[in-house]
Each structure stands twice: as structure tokens, then as C-alpha cells.
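The values are calculated or read from the model by the stated rules, or taken from the named source; none is laboratory data. Given the structure is predicted, the values throughout are model-derived calculations rather than measurements. Cβ coordinates were reconstructed from backbone atoms using ideal geometry, including for glycine residues, and neighbour counts include every protein chain displayed. Please note that ligands, DNA and RNA were not included when accessible areas were found on the heavy atoms of the full protein model with its side chains. Shrake-Rupley method; radii C 1.70, N 1.55, O 1.52, S 1.80 Å.
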Amino acid sequence: MAMKARPPLDEIDVELFSMVLCFSRAIEFLHPKISEHHLRVAYVASCLAEELDLGQEEIQDALIAGALHDVVAVSSAMHFDLFDDALTRSHSSGRWFPENLHQHGWEGYLLLRDFAPFAKAALAIRFHHVNWDFGHGSEFDGQPVPLISHILRLADRISVMPENEHNVLAQASGIRLAIAAETGRCFMPMVVAAFDGISEKESFWLDLTSPHKEEIVRCRFGNSKLSLGLDGLYQLARVFGKMIDYRSPFTATHSSGVAATSEELAARLGMSPNETTLIGVAGNLHDIGKLAVSTEILNKPGPLTPAEMFIIRQHPYYTHRILSMVPGLETVNTWAALHHERLDGKGYPFRSRELTLGSRIVAVADVFTAITENRPYRSGMARAQCLAVLDELVTDGAINGDVVAALRGDFEQIHHIRCQSQQAHVHTCSVSVSASPGA
């Protein structure tokens, strides 16, 4: 497994824009009907915001909102059938999204709002299925609806209308007429007027359906050089970790547990404060490749079939591919993507023996968290049983004995910190599931 050269940790400088595009691309593994959907919505929303002469910051907010607008609908097993039904019917019959889809906008808002660079985009996502309703849509549930929400409302619809089997230029006039017919009822007239302006250009439609959309978006709207720094990267990784875990009740807080355990082990094994923070990033992102695994497999309570195991064994590979798209994440990628490798070279998917200390820590933290956390179908292991499992893996040549020794030396404290981290995560998610917007 060839990794890029890694910058010194005190020079890590990751662009927010790159992280957003990375995660937008990653969530499109989830469902065959949303391939390119988030990038399409991000592209259209950015074009509309630009045509409306909004400022650079607002254009970036529109792009972020478009790139992440359906993250809950496509990440949660609860919403998956609803999303599938809505997307199919909106595309084939011209009927619009049902009102109960406001729930996933609300939950997406709750997941994203506490990360400051996402705050305005989160608010737009909250209301992105609100119809204009001849001006009544300027408010919803007693709250003002942002302009970017109405931009998303239109961009979301436009993105699903072109049929891939037909030339997009031949479809453009029909799409324009269909949108015009819903002006005022579904769509804000000012936003439709902006669409009329940009959709006259053949290049708009060709960019919309281009397989190179990520590069198109990057070139046209990637002017923002907002850098996260280590602390900002850590906060964003926590947000993305919640989105990853949101898909399965079986592992609903797993990433936060791995991150907290990795940080504690790293500190005890002499890693610097910057390295300890960065390994928390790796812990939160180590399972991002599971976005390529169906919820049916993730949520299966019984043993997996050989075919299902082949799919599961792909997820660290996809973690590597997804994180490799972001310059500056080289160290995180190494630590995160190798969490199922073994010291004896019999792990997967790279069969690597060259495991750095960070990779060894995340591997132990992953096993420790998995066997000690409670799952819906079983209770977590107590200290003696957990350490027996870890010792056996050390003897078998799978994981590092020094890392396990550090865990053994302060087991109760690490276990407590892991539990606290996961309980905090549960609280955040329970708020998003139990609270609901008025409809």
C-alpha cells in the first residue's frame, strides 16, 4: 500500500472545501439512485447563488448545503425506503416530495449545526423541502426560511430530472417548462428566474451531467481557502463520525468510542498532543468506508455469509480511497485505513506488515471498543474477558502487545472515558431522533 509523503503535524492544513467534497462523494456509495446526486445539487445550488449575485460566503454555504443536504436520509436505515420512494416518484411522475421528508432536513440540521463553518448550511438544510407556496414558504414552523433553502429546493428537483439514457440538451427545454409550471407553488420566483438565466447555456447542462463534476465544482467554486487547522479538523471529524455511525443501531456510537480510546492510548504511549488529537481524527473517520456497505449487512444480527464477508472486508479499502482525496490527510489515512491489518501480514485489505504506532493503536482501539460496547443483541465484555480476547490476538500475531499493555495498565479509566464519549454521542443522536419539526 503506497502512501503519500506526510506533512509535519504542526503544518497540517486541510481545506474545508476538500473535506466537504470528499464526504459528498463518499455518501454516494450508499444508494444506486443517488449516484452524483449530492454533487449535482451542490453544483446547481452554487450556480443559482452566483446568478443571484450572492457573496462568496453565501455561495460556499449553498455548495456545502447542497453537498450534504440528504446526508441523514441516505445514511439512516429509518429513512432509506422513504428516500427511495420519494426520489423515484419525483423523477418518474412529477409528484413532489411528501411533507414528512421535513424530518430528515431537521435531523441533518441537528447533526451539522454545532460545527461553526456549517451553521448557515445546516439552517438551509433544515428547510430545504419547504415549498414557496406563493410566499407562505418564507416561514416554516414559526421560523424564517433562508434564501439558500429555496435555492436547494429548486436545485434538488433539477438534479433528478435529466434522464441518463437521453441527451441532456434534448431534455433541457422540457425541464425548463416543468420548473416554470411549478413557479410560485413549489419554487420561489426569484430563484426560478436565476435558473432561467443559467439554463440557457448548453454548458450548464453538460456540466450538470458530466462525470467530472467534482473537478468542475472545484474549479468554479473552490476559491475559498478556509483551512481547518488541527482543532477544526478534529471537530469536523466528530461530525462526520456521527454521520457514519448514524446508519446502524448496532454501531451507533462506535466511531466516537474508537476515537476516545485511541486518544487515551496515544497519550499513554508517548505521542505528542498534536499526534493525540490527530489520532482522534483517524478514530472518528476509520469506518468511513462502511458507507459502501449496505444497511442490510451492517444491521444483520446473525452471522454473515461468505459473500457478505467479502463486502465487509472492502470497507478499509474504501476508507483509504475516500481519505486519499483530501490533501493533508495522509497521516490520518495511514492510521485509519489500516485498522484491520495484522502484524503478521494476514489482515485486510492490503496485507500490510508495515504498521506505524498510530495504525497499531487504532487497530487495538477498534477491537477494544467493539467487544466492550453494548450492542442491541448482546452486552459488552467485562475487563477479564476483554483482556483475554486481546491477549489471544497478541499471541496470534494480530495486534501489538505494547498497546494492549498500555490498555491493561489503565483499563478502568480508559473504559470510563470510552463510555463517556459514546454516551455524549447517544445524547446528540437521541435529540435528533426524538425532536421533530412542526409540519
*Label point 7 Å out from GLU57 along Cα-to-Cβ: which residues of region 121-143 have amide N under 19 Å?*
121-125
*Residues whose placed amide H lies under 5 Å from that of ARG375, excluding near-sequence neighbours*: GLY380
*Share of carbon and sulfur in the accessible heavy-atom surface of the chain [1.4 Å probe, %]*: 52
_Per q in 0.06 Å⁻¹, report the Debye log10 I(q)/I(0) for the chain, using one uniform scatterer on each alpha carbon and no solvent._
-0.26
_Which of ASN274, TYR246, SER262, positive extreme of dipole for region 206-284 (C-beta unit charges)_ = TYR246
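I need the GluC sites (Glu not before Pro) found in region 332-402, filtered to DSSP loop residues with at most 16 other beta carbons within 10 Å of theirs.
GLU354
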*May I ask you to evaluate 6.51 cos²θ - 1.76 cosθ + 1.60, the Karplus curve with θ = phi - 60°, for each residue of region 362-373 and list the ³J(HN,Hα) values in order in whole Hz, giving x for glycine and proline?*
4, 4, 5, 4, 5, 5, 4, 5, 4, 8, 9, 7
_Where the chain is the region considered: accessible area per residue in Å², 1.4 Å probe_ = 40
_Separation between Cα centres of region 99-136 and region 143-163, rounded to whole Å_ = 11
*List the GluC sites (Glu not before Pro) within region 200-245 that fall in a DSSP loop (any state other than H, G, I, E or B) and whose Cβ has at most 16 other Cβ atoms within 10 Å.*
GLU200
_Could you order the peptides 36-43, 13-20 from most to least packed, using the average number of other C-beta atoms within 10 Å per residue?_
36-43, 13-20
